[in-house]
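Colleague: Have a look at the structure that comes next, please.
Derivation of every value follows stated rules applied to the coordinates shown; laboratory data play no part. Everything numeric here is computed off the predicted structure, so don't read it as measured data. With ideal geometry, Cβ positions are generated from the backbone for all residues, glycine too; neighbour counts draw on all protein chains shown.
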Amino acid sequence: MRAEKKTRPVWRFLSWTLWLVPAVLAFAAQRLLAAHPDVVEHYHVNGLFRWLAVPISRLTSLVAFSLTEAVLVLGVPILLVLFIVWLVRLVRQPGKLLSVARLLRRLAWTLSLAYFLFMLLHGLNYARLPVSQSFQLPVRERSAAELAETSLWLVQQANEARMLCLEDEHGVFILRQGIKDSLSALPEAYAAAAVDYPQLNWPPVRPKGVLLSRYWSYTGITGMYMPLLVEANINIDAPQHSLPETVLHEIAHTYGFAREDEAGFLAFLTGLYSDNPDDAYSVLLGAALRSLNALSAVSTESHQAVSGQLSEPVRRDLQASSVYWKQFEGPVQETSNRVNDAYLQANLQEDGVRSYGRMVDLVLAWYEQQYTQGSLDSSVAVQQNTD
């Protein structure tokens, strides 16, 4: 009896503090493994992550709607109702402080385990081998002339791809397959690219259009990956020329490419493998705009010369996009940007949202690689299909 009395306080203390263990282990693992990207690549990305993510993705892909959206729209009100019921019961029962403490302990365990799962399904992937290394891309410092040359190529290819696309009555780009069919078809671009890049050989996923996308636009976000569900969520209210690039970007996250600049590059790369000119145009235009932004910082004259090559149809698309996003500017978008910046910095991306710009380095390296290998034609390889 005496031994039981001595051990009970120790056990009681542990029962109230052990919730820290999953979160601390996950955080420490990410920081320690950041110094060993080859280990993360071999044992986690191509091992544990694939083993966990593929079955989850197959299950969530069986559902046509966004489970992430459903959880937020339905789950939050349900939790609020349950909390109100709990408060009513709390008022009527003794031992209120103990009840509050138990609720906080359950919440702590839930958050700690969720963070642990987040690390397994996404967080540790920030520590994998850089795409520049695994895809053998010659990333290095570039001159303004190299940046201008690549930017001009991107602009010219975007112009040519745009000529194969459809327009609405205002002369603005529209998806030839519509939004729903485009979402379904885009994963095929990864299957095509996987022939040359085995790292992209993953089972197809099902990108999900968010029903409340119009309201989501107030955050300025066009896509979101939900790690716990291995689900790619897409803002389907955004300008349609950006949709293929966004979908391909989010798919990259489901395949274990966590870094934003790398997911952006893989969207560009896989979009060029699609047989749909809409996809090629989307990723070429996205890469061209990022490249032009980088060029404007080093050479105003070159930027003006290259940007002046954008065709009139492309300019109409950009103007329509500007008008669309202008209506959503405000404190919500500013707050969203700060939250996103903090999230990226917390996951080993010290540049925060600026890491999106590093995608240009990968495109420049890809361009050099293709140019030296003689793989670049005068026009991008897209199907001239007007069905």
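Colleague: Let me know the number of lysine pairs in the chain closer than 30 Å at the Cα, not counting same-chain pairs under 8 apart.
Modeller: Pairs that pass both the separation and distance tests number 5.
Colleague: On C-alpha positions alone, give me the angle between the axis of helix 96-121 and the longest principal axis of the chain, in degrees, nearest 10.
Modeller: Roughly 30 degrees, rounded to the nearest 10.
Colleague: Given a Förster distance of 30 angstrom, what is the FRET efficiency for PHE83 paired with VAL63, based on the Cβ-Cβ distance and rounded to 0.05? Provide the component values of the computation, followed by the final result.
Modeller: Details: r = 27 Å, r/R0 = 0.90.
My answer for the efficiency is 0.65.
Colleague: A further question on this structure: How big is the chain by the Kirkwood estimate over distinct Cα pairs, in Å?
Modeller: Values: mean 1/r = 0.0434 Å⁻¹.
The answer is 23.0 Å.
Colleague: Moving on to the next point. So, R0 is 30 Å and r is the distance between the beta-carbons of ALA28 and VAL100; what FRET efficiency does that work out to, to 0.05? Spell out each step's value before the answer.
Modeller: On the way: r = 30 Å, r/R0 = 1.00.
The calculated FRET efficiency here is 0.50.
Colleague: Can you tell me the 0 to 90 degree angle between the C-alpha axis of helix 50-60 and the longest principal axis of the chain, rounded to 10?
Modeller: Long axis of 50-60 versus the principal axis of the chain: about 90 degrees.
Colleague: Show me, for the stretch 23-35, the HN-Hα J-couplings you get by feeding each phi into the Karplus relation (A = 6.51, B = -1.76, C = 1.60, θ = phi - 60°), rounded to Hz, glycine and proline as x.
Modeller: Each residue's phi maps through the Karplus curve to give 5, 5, 4, 5, 5, 5, 4, 4, 5, 6, 6, 4, 7 Hz.
Colleague: Right, another one. Just to be sure I understand the model, the point goes 7 Å from the Cα along the line to the Cβ. What's the resulting ASN293 to GLN327 distance in nm?
Modeller: Label at ASN293, label at GLN327, 2.3 nm between them.
Colleague: Quantify how much of the Cα-Cα distance distribution of the stretch 2-127 extends past 22 Å, in percent.
Modeller: Distances greater than 22 Å cover 59 percent of the Cα pairs.
Colleague: Right, something else. I'd like the orientation of helix 243-254 relative to the chain: the angle between its Cα long axis and the longest Cα principal axis, in ° from 0 to 90, rounded to 10.
Modeller: 40
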